[in-house]
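Undergrad: My questions will all concern the structure given below.
The values are calculated or read from the model by the stated rules, or taken from the named source; none is laboratory data. Note that the structure is predicted; figures quoted are calculated from it, not measured. Note that we place each Cβ from the backbone using ideal geometry, even for glycine, and neighbour counts take in every protein chain shown.
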Amino acid sequence: MSENEKYDVIIGLEIHVQTNTKSKMFCKCPTGYFQKEPNTHVCPVCLGLPGALPIPNKRAIELCILMGIATHCNIDNEIYFDRKHYFYPDLPKGYQISQYKRAICSNGYIDLSNGNKVEIERIHQEEDVAKSTHHSENGKEYTLIDYNKSGVPLIEIVTKPCIKSASDAKEFASKVRQIARYLGISDADMEKGQMRCEPNISVQEKGKWELKDGKILPIGDYKLNSKVEVKNIGSISAVEKSIEYEVKRLTEEIENGKEIIQQTRGWNAEKGITEFQRSKETADDYRYMPEPDIPVIEVSNEDLERISKEIIELPDEKVKRYMRNWGVSKYAAEVISSTKENARYFESLQEELNKTLDEKESAIEASNWLMGTVYSIANASGKDVSEMNIDLGDLALLILSFKEGVFTKNKAEELLKECIEMDKDISDEINKLKEEKESNSGNLVDIVKGVINSNEKAVEDYKNGKDASIGFLVGKVMQETKGTANPNDVRNILVEELKK
Ligand code: ZN
Ligand code: MN
């Protein structure tokens, strides 16, 4: 029996996302701390000084609710904050203001492309901690703390332990990031720590466990294997890699008869491995208690209606619409809608082409050109499609002119490259080529005759049976016509002329 048939993989994810607000969660300090002088965005509240009173940030709560609506959660009509106690230098109050029993959002889900559903247990509002950095100088080790990050709004998305594979976990994380970006909830830049993923993983024998009310329970006298948590994951691909690594490691340990100790591990991106950090014999005791300084906040139906208006068409819906209405392939639809900017670009190009072509053909042409040419040229020049200065009218003109046979695909790509890399206006050039094509079409035969006369060697080779020489001659004619002639026409005329 293979290991895959013997074991189930059970994964839950906790994702922290910093939300896009101007000020911090409970004070007026600015949030944009990236590359700012340490400890300049601070006040008595986010430094945790005694007696300072927290005042909740309304916009932060709205963004938390927005995430909940976008992921089909129930939204609580009353918001309660709690204190989660633990001692660490990056937490100056000695507790984090978070939510315990009642989270603002609960019982949601995100659908994955393979049809699996990832259930979200809760999304709660909390505050970020400070940033500590560890240094060593002359053999002395010390830690510095920057409180600029302390108190930045944070939402925590907790899934049920219902994710079945590393790739599903990766897709879930990437969908969370997509939704956050589409709706302006967060930039979710993982390199800047704006989004952090922590998977918990266990491996159990098939048929020996069940999931009940979001909890994993053993069947009969089966003893559940402990789960491990992985911290420090700094990219979406590392979510998948770290889980794959752990599943393999855990399966081997179990196969070797070893007992899994409940533990926290760190992801070492350089080595591509997880490393033991600490064992957890009992659940952490955070001594949660209601936050006495913040009264209960009511969420009215009017609030929900207002916040719901910020929901725009999300990638999943876009994919469905592109496929259903326009016949775009699933893969192309997914790539095109992967960012809001790409989707907007595609839709504008479709609209532009639709002035000449029908709706569906416009979408297919737009999708083919973006997927086949534009993205790769843009990538090669290090630009995002949305950052390119290429005028949509120009791009549409290029596509339509190619369809009319004004020039070859190579020529079209060459023009596009110039346009993208040098921010060049190509409409003049396309129009010039169009005119040239028209004047050439009459005398294509003359051009062919000219090329035959000035390339005796190739002509001789061809006549001596070297068929490949025709390609060389076609190339010469194409050069003369600046790529505006149809290579098949040129070949046919050449063959005719060479028979003479
Ligand atoms: Zn502050
Ligand atoms: Mn948290």
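Undergrad: Check segment 131-146 and report whether any residue there is more than 14 Å from ligand 2 (Cβ to nearest atom), at pLDDT 95 or above and closer than 16 Å to Gly12 by Cβ.
TA: The answer is no, given that none of the residues of segment 131-146 is more than 14 Å from ligand 2 (Cβ to nearest atom), at pLDDT 95 or above and closer than 16 Å to Gly12 by Cβ.
Undergrad: Of the residues that make up segment 349-369, is at least one of a type in the set (Val, Ile, Thr) and under 20 Å from the mean Cα position of the chain (by Cα)?
TA: no
Undergrad: If you don't mind, another one. So, of the residues in segment 286-340 that are more than 17 Å from Leu112 (Cα to Cα) and touching a Pro at 6+ places or on another chain (Cβ under 7 Å), which turns out to be surrounded by the fewest Cβ atoms within 10 Å (Cβ to Cβ)?
TA: Asp293
Undergrad: So, one more: Of the numbered conditions (1) touching a Cys at 6+ places or on another chain (Cβ under 6 Å); (2) crowded, with 21+ Cβ neighbours inside 10 Å; (3) not small (Gly, Ala, Ser), Cys43 satisfies every one except a single condition; which is it?
TA: If we test Cys43 against (1) touching a Cys at 6+ places or on another chain (Cβ under 6 Å); (2) crowded, with 21+ Cβ neighbours inside 10 Å; (3) not small (Gly, Ala, Ser), just (2) comes out false.
Undergrad: Pull out all pairs, ordered by first then second residue, where Cβ-Cβ is under 7 Å, the residues are six or more apart or on different chains, the first lies in segment 210-223 and is over 19 Å from Ile254 (Cα atoms), and the second is charged (D, E, K, R) and in a strand (DSSP E or B).
TA: Once the first residue is over 19 Å from Ile254 (Cα atoms) and sits in segment 210-223, its partners that are charged (D, E, K, R) and in a strand (DSSP E or B) give Gly214/Glu121.
Undergrad: With respect to the numbered conditions (1) over 30 Å from the mean Cα position of the chain (by Cα); (2) more than 12 Å from ligand 1 (Cβ to nearest atom), which one is the sole condition not fulfilled by Ala52?
TA: (2)
Undergrad: Kindly indicate which of Val319, Val385, Val374 is modelled with pLDDT of 95 or more, assigned by TED's automatic domain parsing to the domain that holds Ile420 and under 26 Å from Arg177 (Cα atoms). First the steps, then the outcome.
TA: On the way: Val385 fails: modelled with pLDDT of 95 or more; Val374 fails: modelled with pLDDT of 95 or more.
Matching residue, one of Val319, Val385, Val374: Val319.
Undergrad: Determine which single condition Asn39 fails, assuming it passes every other condition in (1) among the polar types (S, T, N, Q); (2) more than 16 Å from ligand 1 (Cβ to nearest atom); (3) farther than 23 Å from Val158 by Cβ.
TA: Only one criterion in (1) among the polar types (S, T, N, Q); (2) more than 16 Å from ligand 1 (Cβ to nearest atom); (3) farther than 23 Å from Val158 by Cβ is unmet by Asn39, namely (2).
Undergrad: Right, another one. Could you tell me whether Phe26 is in a loop (DSSP other than H, G, I, E, B), touching a residue at least 40 places away in the same chain (Cβ under 8 Å) and either within 13 Å of ligand 1 (Cβ to nearest atom) or aliphatic (A, V, I, L, M) (or both)?
TA: yes
Undergrad: Which members of segment 25-40 meet the condition of being buried (at least 16 other Cβ atoms within 10 Å of the Cβ) and either within 16 Å of ligand 2 (Cβ to nearest atom) or hydroxyl-bearing (Ser, Thr, Tyr) (or both)?
TA: Answer for segment 25-40, where residues must be buried (at least 16 other Cβ atoms within 10 Å of the Cβ) and either within 16 Å of ligand 2 (Cβ to nearest atom) or hydroxyl-bearing (Ser, Thr, Tyr) (or both): Met25, Phe26, Thr31, Tyr33.
Undergrad: For segment 119-142, which positions are loosely packed, with under 10 Cβ neighbours inside 10 Å and among the polar types (S, T, N, Q)?
TA: Matches in segment 119-142: Ser136, Asn138.
Undergrad: Conditions first: (1) in contact with a Gly (Cβ under 9 Å, 6 or more places away or on another chain); (2) loosely packed, with under 15 Cβ neighbours inside 10 Å; (3) not in a strand (DSSP E or B). Glu352 passes all but one, so which condition is the exception?
TA: (2)
Undergrad: Just give me the residues in segment 214-229 being among the β-branched types (Val, Ile, Thr) and surrounded by 14 or more Cβ atoms within 10 Å (Cβ to Cβ), in sequence order. I'd like the intermediate steps shown before the answer.
TA: Of all residues in segment 214-229, those among the β-branched types (Val, Ile, Thr) come to 216, 219, 228.
Within segment 214-229, Ile216, Val228 meet the criteria.
Undergrad: Out of everything in segment 1-23 that is part of a loop (DSSP other than H, G, I, E, B) and over 30 Å from Leu211 (Cα atoms), what residue ends up being farthest from ligand 2 (Cβ to nearest atom)? Working first, answer last.
TA: Kept after step one, since they are part of a loop (DSSP other than H, G, I, E, B), are these residues of segment 1-23: 1-2, 19-22.
From what is left, the residues that are over 30 Å from Leu211 (Cα atoms) are 19-22.
Details: Thr19: 13, Asn20: 18, Thr21: 17, Lys22: 22 Å.
The extreme case among them is Lys22.
Undergrad: I would also like to ask the following. Does segment 440-450 include one or more residues that are in a helix (DSSP H, G or I), acidic (Asp, Glu) and modelled with pLDDT under 80? Before you say what the answer is, go through the steps one by one.
TA: Initially, segment 440-450 is screened for residues in a helix (DSSP H, G or I), giving 440-450.
Now restrict to residues that are acidic (Asp, Glu): 446.
Now narrow it down to the ones that are modelled with pLDDT under 80: none.
No, the conditions are met nowhere in segment 440-450.
Undergrad: Can you give me the number of residues within segment 239-267 that are without any contact (Cβ under 8 Å) to a residue 24 or more places away in the chain and either under 30 Å from Ser98 (Cα atoms) or of a type in the set (Lys, Arg) (or both)?
TA: Of the residues in that region, 2 qualify.
Undergrad: OK, next. Regarding segment 259-269, can at least one residue be identified that is exposed (fewer than 13 other Cβ atoms within 10 Å of the Cβ) and at pLDDT below 95?
TA: Of segment 259-269, the ones exposed (fewer than 13 other Cβ atoms within 10 Å of the Cβ) are 259, 261.
Next cut, at pLDDT below 95 only: 259, 261.
Yes, the conditions are met somewhere in segment 259-269.
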